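Peer 1: Before I ask anything, let me first share the structure, which is written out below as structure tokens.
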Amino acid sequence: MYYKNRGYKIFNVFNYVFLSLLAILCLIPLIHVLAVSFSGSAAAAAGFVGLWPVNFTIDAYTETLGNEKFVNSIFVSIQRTILGTVIPMLMTMLIAYPLSKSNDIIKGRAMITWFFVFTMLFSGGIIPNYILILELGLMNSMWSLILPHTISAFHIVLLLNFFRSIPKEIEEAAIMDGAGHIKTLFKIYLPLSMPAIATLSLFMMVFHWNSWFDGLIYMSSSSNYPLATFLQTVIVQQDFSQLNLSPEEMANISERTVKSAQIFIGALPILLVYPFLQKYFVKGIVLGGVKE
Amino acid sequence: MEETNEINNHENKRRTVKKSKLNWKRAAPLYLMLVPGVIFCIVFQYIPMAGLIIAFKDFKPWLGFAESPWVGLKHFEFLFSYSGNLQVIYNTVIISVLKLVLGLIVPIAFALLLNEIRKMVFKRTIQTMVYLPYFLSWVILGGILLDMLSPEGGLVNNFLGFFGIDPIFFLGSNTWFRPTVIISDIWKEFGFSTIVYLATLAGINPSLYEAAEMDGATRKKQTWHITLPCMMPIIVVMGILSLGNILNAGFDQIFNLYNPLVYETGDIIDTFVYRVGLVKGDFGFATAMGMFKSVIGFIFIVIAYRLAYKFADYKIF
Amino acid sequence: MYKRWLSNWLVLIVLSFTLIACSDDVEETGKEEEGSDKTEEASKGFEQGKYDPPITIDAVSCSNTIQYADGDSLEDNVHTRWAEEELGIKINYIWETTQEECDTQYNLNMTAGSELPDVMMSFDPVFTSQLIDSGQMMDISDAYEKYASEQVKEYIGSVDGAFDKYTREDGVYGIPIPSSAMNNDPVLWLREDWMQELELEAPETLDDVDQIFDAFTAEKADFGMAMSYEISDWIADTSWVFGAYGDAIPKQWVENDEGELVWGSVQPSMKEGLAKLNSWFEKGYISSEFGVQEGNDAIKLITSGKAGMSASPFWAGTWPLSDVTQLDEDAHMKPYPIPAGPDGLKGRKGSSVTQGGMLVHKDFEHIDALFLYLNRLYEGADPEAGHEFEYGYAEGIDYVMKDGEVSYNDEDFEYGKKLLVSKYFLTTQPLIDPYLEVETLAKLHEGAEPTTPYEKRVAGQNDIRKEAASVLMSQEDISVVDKYQGPPTDTMETRWDVLQQMESEAYLAIIYGDKDLDYFDKFVEEWYANGGKEITEEVNNWYQEVQNATD
């Protein structure tokens, strides 16, 4: 076996060390945010907090979790993320499947794909989108955050490429058995493309979890804001010189510890999703199994 | 060109399986499947595109789309004459191209290295860790980087100090600003970008490796002749699609990191336009600028699509 | 395996539809129609001090940092309830967003043809002129004359050029809402514990400052002073260094001897200020990182004990400078007056009192009600004993009664801290007599007994704030306020940024010592050649017009 080879063993040791260092490097900012969130506010403001809390306290968390709007926005976000992943995923599969066929089977395939790809680059901008949402009567509705993002050319192109790498023979066998396209898609392509589907789902989840701007313009009341929008309104750096604020307000706005706690709690759910999806791209899918 | 052959074979196989009884009945459901997608695309993407006309108008919100006066190519002329400051365009291109190239190579290399790890727990842990920075916004990371890269007691310079290197003013020096921006961007994004490649690796049929093993191929050879060719389609797709961003050098990042000391090397089209205050309230100009970037991105994608087809005989779609 | 997956999908889909069903019940925020809009009845409401039936004022909220008591919200809080019960005025928020995206949201609404709110606050001259240009705003001059109370007229009238921003040839399109005067004018804050330990005297001149820096850096700290790259900033300011050499202050329009406006940063006296800063930089009194630090980052040098001086507002002693005490028990900051230059000159940037203003939609039918509202709230600026606002706007929110005594201590509040009721106002800022607070604080510091309810309230503030106010007021005449209040001129729209950038680069290069001092002359020449000349002309045209209109 290749891994018994001496050269490979040396490589392997270096590889472990290198990847570990890289991973630690990536962990630093989050640990810093975490340390700040558990620190006393004066120490945090003076920039004394590195990777370990100074003057340990959980005040920031009690304050954050006590905020009604914060908790409410988490539910809005969960709802948005689930809908915003399931619907676009179905749509993407429905589009990618026919487009992964060869030109002989589906005429005008390239044309249709360009039709989608074009939208990846050109968009009307926020004003027409706003008017559209208004005209469709979707203002203040969850759908205004989901429907405009149903089609993503990037996702379509990726998925169709994954579909293409599935051996023809498998599909043909299914057709021989009398399976229709829908059945082939969901019973054969879907399980075989789990790594790809997990990847795209993750992309969609992360996108919806992190999007804030549409929530801000389409929701007229902050009680309907998704989490990312809510966080944006409280975390984003304020231009102090432009605001006429009293010192008490200034001190409140710049509470680094509370902001850090909010960032951490805000990122946590989506961070937790990842390990669950991970199995789909760590282990290979055994193609042969389905074939027989 | 191993990968080309591989792809060729694949395509050829497809052509030879061409069915004789391909009829409308067989294809109709396929077209039907596309209908909802096309409708959504028209409603939510193409209809709003009508709004692009304001790139040619002096748009006033209270007048609306129809009533705002036409100004022809004024915004575009302005864009070019004003940013006659070629430095800004040069900065944009150099930063974005380096980000594109490294943003493609680093995740692939990382995925390949990670693929060599056979301890599942370790593999998963590493994977989760590198994916974390992606979730912190540049507003937050900007603050952290400012502290970490400080020439007076910052973590990085303290570390360099061990090797007798003088403190480097990363964010305040025109020599170091671009490398700092590019490396920090890669550092933030690579873990997340790796996922696509890991998914591809997961899809490679293990029997291919078994066969190579039988033939006594070394791991290096296996990677070169099996892994990479299998990844090639996705690499090409990712590469070509990322070209659409050729003029997006990363507004959020640069906006949070730059300062007057490094305008010379760090100012990009987006930050420049933002500072000029043109975008604020001037939708016409903002649209014109977006359109310019899109057209350039689109041209690049079309060219790359053609090139991939001509030289590698691979159609990404 | 895929069967299980399919069933998972199904569950997800069913789940999602349930969620949709739940998400559809979003409140409708339509404009309420009110029955009585006859002017007669309306002015009756004004005279009686209450509208019956109540009228509605549509507003929007662009302030996202407001804190409410438990159960209260933007739409329903102690203030909105007060307005409805006391004045018969319902405040209806049609949308809310952040400060940053406020004008975007306005523009979207205008383009989409949606109704604008009845009243709009603007803090940004560009946005103000956009609103006025839209032709949708009301000329308020007659209504102001007719309905504004004497008190309101006195306060607004006490500010020079208060209406400049809103004045056009054919009318006045906004009500200025003055904020605290001299709020961001700097005083020198020094580490008093070091001053005493090193036996240093209060700095009278820039040379004294040199000595203090020398002692600080030798004995105590890494640097002498904290400064931001903005030069003239709300905190960690350096405008006072330039003020020591001439009448001009960088980054603002100042009047020269001929009564014309000129841009401060390109005046010859800047050169000496730059030379001074450069010498401080060379001596290591300024952090080499100042070029990447905004005020907020720079001030960390003080709070972490790395530097001993910053020029910051009088209120900075409460926050953020007080953080230094929390980290080092012995540390404390003390305010000092701005020192003089070699010829005895002193100067610093002055802050604008008229940033904010309220614009009114031209179709709004109850302008009298708006003035009733403002008049009433303005009474709280300096209330008489026994007035409903004697102690504050709302009991339990911005003051509490404890054992028959008024208290403003956070621990006595049910919510855990004192909240600012003025944030719930349509103006989002308190309605005040702009000079009253600093004057009162200074007076109290100098030993005056508090007599009026307002003075008694202010007397409870901490001593450092009073001391700093007194220091600030002792040099009231050295603050130089930006004289240009108009919208960006034509040439500014195309050239201003290039000039600003040129300026930042030149200033930093000279202070860092990358360029020698003579580079300043070259910069000034280029500044004028690249549009600075045209802009100066345009600014002066505006200045003339406004002065003619006010005369």
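Peer 1: Need one value for C:483-489: mean number of C-beta atoms belonging to other chains within 10 Å of its residues' C-beta atoms.
Peer 2: Averaged over the peptide's residues, the number is 0.
Peer 1: Another one. May I ask you to derive the relative contact order of chain C, considering only C-alpha pairs under 8 Å and at least 6 residues apart, and to give it as an integer percent?
Peer 2: RCO, chain C: 19 percent.
Peer 1: Then there's this: Counting only other chains, and only Cβ atoms inside 10 Å, what mean value do you get across the residues of A:130-139?
Peer 2: Across A:130-139, the average partner-chain Cβ count within 10 Å equals 5.
Peer 1: Can you give the FRET efficiency to the nearest 0.05 for C:Glu329 and C:Glu384, using r as the Cβ-Cβ distance and R₀ = 35 Å?
Peer 2: E between C:Glu329 and C:Glu384, to the nearest 0.05, is 0.20.
Peer 1: Rg and Dmax of the range B:181-227, using alpha carbons, in Å: what are they?
Peer 2: For the range B:181-227, the Cα radius of gyration and maximum Cα-Cα distance read 15.0, 46 Å.
Peer 1: As a test of understanding, state the convex hull volume per residue of the range C:208-350 from its alpha carbons, in Å³.
Peer 2: 105
Peer 1: Turning to a different aspect of this structure: Can you return the lysines within cross-link range of A:Lys259? Criterion is Cα-Cα under 22 Å, with same-chain partners fewer than 8 residues away left out.
Peer 2: Answer for A:Lys259, where 22 Å is the Cα cut-off: A:Lys69, B:Lys188, C:Lys300, C:Lys417, C:Lys418, C:Lys423, listed by chain and number.
Peer 1: Can you quote the Å³ per residue value for the convex hull of the Cα atoms in chain C, rounded to an integer?
Peer 2: Cα-based convex hull of chain C, divided per residue, equals 230 Å³.
Peer 1: Also: Find which of C:Tyr144, B:Ala217, B:Ile39 sits farthest along the positive direction of the dipole of the protein assembly as shown, computed with +1 on the beta-carbon of Lys and Arg, -1 on that of Asp and Glu, about the Cα centre.
Peer 2: My answer, from the dipole projection, is B:Ala217.
Peer 1: Also, quick follow-up: Work out which helices of chain B, taken as complete DSSP H runs, extend at least 27 Å along their axis over the Cα atoms and score a mean Kyte-Doolittle of 1.0 or more, then list them.
Peer 2: Result, helices passing both filters: B:86-115, B:283-312.
Peer 1: Hey, another quick one. Among the DSSP beta bridges whose two residues both lie in chain C, what percent are antiparallel, rounded to the nearest 5?
Peer 2: Here the share of antiparallel DSSP bridges comes out near 60 percent.
Peer 1: If you don't mind, there's one more thing I want to ask. Using only atoms on other chains, find how many Cβ atoms lie within 10 Å of each Cβ of peptide B:232-238 and report the average.
Peer 2: Taking the mean over all residues of the peptide, I get 3.
Peer 1: If you find the alpha carbon centre of the range C:258-282 and of the range A:141-173, how far apart are they in angstrom?
Peer 2: 62
Peer 1: A further question follows. Tell me, C:Arg376, C:Arg191 in order of fewest to most beta-carbon neighbours within 10 Å?
Peer 2: In increasing order of surrounding Cβ atoms, one gets C:Arg376, C:Arg191.
Peer 1: Further, regarding this structure: For chain B, compute Rg over Rh where Rg is the Cα radius of gyration and Rh is the Kirkwood radius from the inverse mean 1/r over Cα pairs.
Peer 2: 1.04
Peer 1: I've got another one for you. With an 8 Å cut-off on Cα pairs and a minimum separation of 6 or more residues, tell me the relative contact order of chain B in percent.
Peer 2: Rounded, it is 29 percent for chain B.
Peer 1: Sticking with this structure for a sec: Classify the range B:24-65 as rounded, prolate or oblate, taking a ≥ b ≥ c as the square roots of the eigenvalues of its Cα gyration tensor: rounded when a/c is under 1.5, otherwise prolate if a/b is larger than b/c and oblate if not.
Peer 2: prolate
Peer 1: Can you tell me the FRET efficiency between C:Ser474 and C:Glu150 if r is taken as the Cβ-Cβ distance and R0 is 25 Å, rounded to the nearest 0.05?
Peer 2: My answer for the efficiency is 0.20.
Peer 1: Radius of gyration and Dmax for the range B:25-153's Cα atoms, expressed in Å?
Peer 2: 24.5, 73
Peer 1: Please report the relative contact order for chain A, taking Cα pairs under 8 Å with a sequence separation of at least 6, and give it as a percent rounded to a whole number.
Peer 2: Answer for chain A is 27 percent.
Peer 1: 7 Å from Cα along Cα→Cβ at both B:Tyr31 and B:Asp166: what's the point-to-point distance in nm?
Peer 2: 7.3
Peer 1: What is the helix-to-structure angle for A:68-99, meaning the angle in degrees between its Cα long axis and the longest Cα principal axis of chain A, kept from 0 to 90 and rounded to the nearest 10?
Peer 2: Around 20 degrees separate the two axes.
Peer 1: log₁₀ I(q)/I(0) of the protein assembly as shown at q = 0.07, 0.09 Å⁻¹, via Debye over equal Cα point scatterers, no solvent, to two decimals?
Peer 2: -0.75, -1.21
Peer 1: Work out, in µm²/s and without decimals, the Stokes-Einstein translational diffusion coefficient of the range B:187-290 at 25 °C, 0.890 mPa s, Rh from Kirkwood over C-alpha pairs.
Peer 2: Here the translational diffusion coefficient equals 139 µm²/s.
Peer 1: Follow-up. Label the range C:392-551 by shape, choosing from rounded, prolate and oblate, from the square roots a ≥ b ≥ c of the eigenvalues of the Cα gyration tensor; if a/c is under 1.5 it is rounded, and otherwise prolate applies when a/b is larger than b/c, oblate when it is not.
Peer 2: It comes out prolate by the Cα gyration axes.
Peer 1: Between C:Ala202 and B:Asp215, what FRET efficiency follows from the Cβ-Cβ distance if R0 is 56 Å, with the result rounded to 0.05?
Peer 2: My answer for the efficiency is 0.05.
Peer 1: Also, I was wondering about something else. Over the Cα atoms of the range A:64-291, each weighted equally, I'd like the Debye log10 I(q)/I(0) at q = 0.12 Å⁻¹, rounded to two decimals.
Peer 2: Results for the range A:64-291 at q = 0.12 Å⁻¹ read -0.80.
Peer 1: Can I ask one more? Mind telling me which of B:Gly51, B:Gly297, B:Gly239 comes out most flexible in a GNM of chain B, alpha-carbon contacts under 10 Å?
Peer 2: Greatest mean-square fluctuation among the candidates belongs to B:Gly51.
Peer 1: Calculated from DSSP H runs of 4 or more alone, at -39500 (n - 2.57) each and per residue, what is the 222 nm mean residue ellipticity of the protein assembly as shown, nearest 500?
Peer 2: Result for the protein assembly as shown, helices only: -16500 deg cm²/dmol.
Peer 1: Right, something else. Output the Kirkwood hydrodynamic radius of the range A:2-45, Cα pairs only, in Å rounded to one decimal.
Peer 2: Mean inverse Cα-Cα distance, inverted, gives 13.1 Å.
Peer 1: Fewest to most neighbouring Cβ within 10 Å: what's the order for B:Leu307, C:Leu345?
Peer 2: In order of increasing Cβ crowding within 10 Å: B:Leu307, C:Leu345.
Peer 1: Continuing with the same structure: Compute the distance in nm between two label points, each set 7 Å from the Cα along the Cα-to-Cβ direction, one at B:Leu104 and one at B:Asn174.
Peer 2: If labels sit at B:Leu104 and B:Asn174, their model points lie 3.1 nm apart.
Peer 1: Quick check on the exposure proxy: order B:Thr92, C:Thr452 from fewest to most C-beta atoms within 10 angstrom.
Peer 2: Least to most surrounded, the residues fall as C:Thr452, B:Thr92.
Peer 1: Taking a 31 Å limit on the Cα-Cα distance, which of the listed pairs B:Lys220/B:Lys315; A:Lys4/B:Lys310; C:Lys306/C:Lys349 fall beyond it?
Peer 2: In this structure, A:Lys4/B:Lys310 lie more than 31 Å apart at Cα.
Peer 1: Rounded to whole Å and sorted largest first, list the principal axis extents of the Cα atoms in the range C:310-438.
Peer 2: Taking the Cα atoms of the range C:310-438, the three principal extents are 58, 44, 26 Å.
Each reported figure results from applying straightforward, stated rules to the coordinates on display, with no laboratory input. All figures in this text were calculated on a predicted structure; none of them were measured in a lab. Cβ: placed from backbone, ideal geometry, glycine included. Neighbour counts: every protein chain shown.
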